[in-house]
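One structure is given below, encoded as structure tokens.
Where a number appears in this text, it was derived from the coordinates with a stated rule and is not lab data. On a predicted model such as this, the values are computed, not experimentally measured, just so you know. A quick note on method: Cβ atoms are made from the backbone with ideal geometry, for glycine too, and the neighbour counts reach across all protein chains shown.
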Amino acid sequence: MKRVIEVAIMASVVLLLGGCATKKYVAKQTDPITAKVAEVEKQAQNTQKQLESDEPKISAAAEKADSADARAGDALGRADAASKKADQVKSDLTNQFHSELNERIANIDDYKPAGDAVVLFKFNSAKLTDDAKQQLLLDQNGDRPERSSECQRPDIAHEDLRRVRIEPEEPE
């Protein structure tokens, strides 16, 4: 038994001396890790400061984006309204044009007399005189008062009750 106690004590000493790390060893192993942690901590602090300084800029940009979005939505609404109004006007004009066109086509053969005119031919002649032609044109364009000022008539009065040609007299 004495031998068992000796072996147990010896094993304990070996384990205690060999299994324990010294302060130097621990410091040597943890110093690079501590340096890395300190560096990461410093970078995190710099990032935090940068985020804090950029926060107003980010907020301003977000406000501008929201404002632009609202204006774009408003402009889109006005554009839609203008498009609908333009379509309505186009439709109204098209319908009006079609109705006027259909009315003209329907009334194309509906002639209305412009007026009555009595024109006398020369004795034994089938040709109209210039005065008779002028009389027909005046009656045809009776709604155009400027037409009478365009024509020229002789200043001689004629009485042709017998349908016999009378030679015009020369004005004095």
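Couple of notes before you dig in:
- Per the Debye formula on identical point scatterers at the alpha carbon atoms of region 1-90, with no solvent, log10 I(q)/I(0) at q = 0.24 Å⁻¹ is -1.10.
- FRET E, pair Asn102, Ser67, Förster distance 45 Å, beta-carbon r, rounded to 0.05: 0.30
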